[in-house]
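Everything on this sheet refers to the single structure shown next.
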Amino acid sequence: MKKINVLSVIFVSTLLFAGCGASDDNQGADKVKDVNEPESETTSGDGTSEQTAAEDLKSGVNDTLKSVEDLNKTLTDASSDAKKVNEQGMIVEEKWDEIEKMVEEQYPEDYKNIEESLYPLIAEAKKDEPDTETLKGLVQETKDKMMKFQEKLQTS
C-alpha cells in the first residue's frame with residue numbers, strides 16, 4: 001500500500017510539473033510572436049500610416065527646432081552657465097535622435113545638410129567649457145537649415 005501512495009504522489013507531481021511546463025511554453029511562444037510582429041501601424045489602404053509618419057516627422061522637426069531656439073536663449077541669458085548650456089545641448093541631441101532615422105531615410109540630402117552644423121553644435125554644447133561665440137554661429141546656421149527643412153515639409 002505504501003508503494004501505491006508513493007507512486008500516486010510521484011504521478012500527480014509529474015502531471016502538475018508537466019502542466020506548468022506546458023503553460024510556460026505557450027507563454028514563451030506568445031513572446032516570440034510579439035517580438036517578430038512588425039511594430040509599424042497597419043494601413044487601411046488610404047495612407048493613414050504614411051500621414052501619421054509625416055505628422056510625426058513635422059512634429060519632431062518642430063520640437064528639435066524649438067530645442068535649438070531654447071539653446072540660443074540660454075546662450076543669450078546665461079552663456080556663462082556651462083551646466084545649463086550642456087543640459088540644453090543634451091535636449092537638442094535627444095530631440096534630433098527621435099527623428100534622425102526618418103529624416104535620414106526620407107530626406108538624405110537634407111539630413112546631410114542639417115547634420116553638418118547640428119553635430120558640431122551638439123559637440124560644442126557638451127564641452128566642459130563651451131565656446132559661446134562658436135555656439136551662437138552654429139545655432140544660427142542650424143536654425144536656418146531646420147527652418148528651410150520645416151518649410152519643405154509643410155509644402156509636401
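What to note about this one:
- Candidates Thr74, Thr155, filtered to the one that is without any contact (Cβ under 8 Å) to a residue 24 or more places away in the chain and either among the basic types (Lys, Arg) or surrounded by 14 or more Cβ atoms within 10 Å (Cβ to Cβ) (or both): Thr74
- Of the residues screened, Val68 is one that is in contact with a Ser or Thr (Cβ under 6 Å, 6 or more places away or on another chain), touching a residue at least 60 places away in the same chain (Cβ under 8 Å) and in the same structural domain as Leu57 (by TED's automatic domain parsing).
- Count of residues meeting criterion [surrounded by fewer than 15 Cβ atoms within 10 Å (Cβ to Cβ) and either of a type in the set (Phe, Trp, Tyr) or touching a residue at least 60 places away in the same chain (Cβ under 8 Å) (or both)] in the stretch 80-136: 1
The values are calculated or read from the model by the stated rules, or taken from the named source; none is laboratory data. Bear in mind that the values here come from a model prediction, so they are computed numbers and not experimental data. So basically every Cβ, Gly included, is an ideal-geometry build from the backbone, and we count neighbours across all protein chains shown.
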